[in-house]
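K.L.:
Provided herewith is a single structure, encoded as structure tokens, for subsequent inquiry.
The values are calculated or read from the model by the stated rules, or taken from the named source; none is laboratory data. On a predicted model such as this, the values are computed, not experimentally measured, just so you know. Positions of Cβ are generated from backbone atoms using ideal geometry, with glycine treated the same way; all protein chains shown enter the neighbour counts. Side chains are part of the model used for accessible areas, which takes the heavy atoms of the whole protein and leaves out ligands, DNA and RNA. Shrake-Rupley method; radii C 1.70, N 1.55, O 1.52, S 1.80 Å.
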Amino acid sequence: MTTHTVHTSCPSPLGELLLTGEESGGTLTLTSLSLPGQRGAPAVHPEERDDRAFVEVRRLLDAYFDGRPTRFSVPLAPVGTPFQLRVWQALDDIPYGTTTTYGELAARLGVPRAEIRSVGGALGANPLLLVRPCHRVIGADGSMRGYAGGVERKLWLLTHEGALQPTLV
């Protein structure tokens, strides 16, 4: 069975999102959702663009950005180590509009306190931003620590979801 890479883009309040996946035997799986300027975003080739791809993901993203709590129940195929895959899957249990800490996530996964940084490393390598909501993981003191799409976007997403209050400037 032949597998080929496809991609498309989707407008959002955070900029043009890049959706990348694999198509095989008529089945399309999402392998990456990245933000403009994101470190580690996949390289794509113009000939692989298919704007008909990911119709359901784009519909769910529209719902999310319209302020409706959204679960991205689409076929996923992220590439990572077994540990990374376990951490990324655990993100699915963090509800919309809430946050958890790196320590709480590590405890849920049975990761010793001395190895919490490994959880942060796995989150930083998450290829499915928004879909696997690593933006909902914050420091124990409430700090934003990091986000592959940029901390300012993490703040925007958490405010959008109601987990943070908007700030006046």
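K.L.:
State the Kirkwood hydrodynamic radius of the range 127-169 in Å, one decimal place, computed from all pairs of distinct Cα atoms. Please report the intermediate quantities before stating the final value.
P.N.:
On the way: mean 1/r = 0.0928 Å⁻¹.
The Cα-based Kirkwood calculation yields 10.8 Å.
K.L.:
Among 53-61, 19-27, how do they line up from the highest to the lowest mean number of other beta-carbon atoms within 10 Å?
P.N.:
Working: 53-61: 18.0, 19-27: 15.7.
Listed from highest to lowest mean packing, they are 53-61, 19-27.
K.L.:
Can you pull the Rg over Rh of the range 37-150, Cα-only, Kirkwood?
P.N.:
0.98
K.L.:
Can you compute the radius of gyration and Dmax for the range 98-169, using only the Cα atoms, both in Å?
P.N.:
Spelled out, the Cα radius of gyration and Dmax of the range 98-169 are 12.2, 41 Å.
K.L.:
Compute the distance in nm between two label points, each set 7 Å from the Cα along the Cα-to-Cβ direction, one at residue 12 and one at residue 141.
P.N.:
Calculated label separation equals 2.9 nm.
K.L.:
For the range 28-90, just run the numbers: alpha carbon Rg, then divide by 2.2 N^0.38 Å, N being how many residues it has.
P.N.:
With N residues counted in the range 28-90, Rg over 2.2 N^0.38 Å equals 1.26.
K.L.:
Please identify which residues in the range 113-127 have an amide N closer than 17 Å to a label point set 7 Å out from the Cα of residue 86, following the Cα→Cβ vector.
P.N.:
Answer for this model: 113-126.
K.L.:
So what is Rg over Rh here for the range 63-106, counting just Cα atoms and using Kirkwood for Rh?
P.N.:
With Rg and the Kirkwood Rh in hand, the quotient comes to 1.01.
K.L.:
Take the Cβ-Cβ distance between residue 165 and residue 66 as r, set R0 to 25 Å, and report the resulting FRET efficiency rounded to the nearest 0.05.
P.N.:
Values: r = 20 Å, r/R0 = 0.81.
Efficiency, from the Cβ-Cβ distance: 0.80.
K.L.:
Tell me, what is the per residue accessible area of the chain in Å², probe radius 1.4 Å?
P.N.:
On a per-residue basis, 52 Å².
K.L.:
Determine the dipole magnitude for the range 79-139: charges of +1 sit on the beta-carbon of Lys and Arg, -1 on that of Asp and Glu, nothing else is charged, the reference point is the Cα centre, and the result goes in debye to the nearest 20.
P.N.:
Values: 6 positive and 4 negative charges, 17 e Å.
That gives the range 79-139 a dipole magnitude of about 80 debye.
K.L.:
Which residue, 107, 20, 95, has the largest displacement toward the positive end of the dipole of the range 1-140 when charges sit on each Cβ (Lys, Arg +1; Asp, Glu -1)?
P.N.:
Of the options given, the answer is 107.
K.L.:
Compute the distance in nm between two label points, each set 7 Å from the Cα along the Cα-to-Cβ direction, one at residue 155 and one at residue 59.
P.N.:
Result: 3.6 nm between the two label points.
K.L.:
In deg cm²/dmol, rounded to 500, what helix-only [θ] at 222 nm does the chain give when every DSSP H run of at least 4 residues adds -39500 (n - 2.57) and the total is split over its residues?
P.N.:
Rounded to the nearest 500, the figure is -8500 deg cm²/dmol.
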